[in-house]
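The values are calculated or read from the model by the stated rules, or taken from the named source; none is laboratory data. Values in this document were obtained by computation on a predicted structure and should not be read as measured data. Reconstructed Cβ throughout: ideal geometry from the backbone, glycine too, with neighbour counts over all protein chains shown.
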Amino acid sequence: MDSHHFAAIALFASTLVYGQTAPPAAGDKPAGQEASEGSVTVTGKKDPKKKLVCQTAVSTGSVIPKRTCNTVAELEERAKRDRATLERLKEDQNRRQATQTMVCLETGRC
């Protein structure tokens, strides 16, 4: 049996075993791609807010570092929320101090 017949039988046997077809020969195009091949040019820039930023930190009470990855937009949103929370806490503290001062002045017990 010559080598061409042996290769054809081996390819057929592997198709039966693995359920796959032979790869297309050089120059053959997959179905549906006859006229759609061509170069694609993408213009423009990537959105910098979609860039992924990863940080590694060790949580309190742990010795195992944890890696977290977020987009720049997510980090900016978190920072905005944190600033708003800090501002609200400061306003609450100022309000409590003002209330304590008013009670102190009204009652004379400071």
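The listed residues are 48, 30, and the only one of them that is closer than 28 Å to residue 78 by Cα and either at pLDDT below 90 or of a type in the set (D, E, K, R) (or both) turns out to be 48. Within segment 76-92, the residues that satisfy the criterion of being within 20 Å of the chain's Cα centre (by Cα) and among the acidic types (Asp, Glu) are 76, 77. Go through segment 57-73 and count every residue that is in contact (Cβ under 8 Å) with a residue 12 or more places away in the chain and not hydrophobic (A, V, I, L, M, F, W, C). Residues flagged as in contact (Cβ under 8 Å) with a residue 12 or more places away in the chain and not hydrophobic (A, V, I, L, M, F, W, C) within segment 57-73 amount to 4.
More than 30 Å from residue 110 (Cα to Cα) and touching a strand residue (DSSP E or B) at 6+ places or on another chain (Cβ under 7 Å): which single residue out of 84, 57, 73, 79 fits that description? It would help to see each step written out before you state the result.
Values: 84 fails: touching a strand residue (DSSP E or B) at 6+ places or on another chain (Cβ under 7 Å); 73 fails: touching a strand residue (DSSP E or B) at 6+ places or on another chain (Cβ under 7 Å); 79 fails: touching a strand residue (DSSP E or B) at 6+ places or on another chain (Cβ under 7 Å).
Result: 57 is the single residue among 84, 57, 73, 79 that is more than 30 Å from residue 110 (Cα to Cα) and touching a strand residue (DSSP E or B) at 6+ places or on another chain (Cβ under 7 Å).
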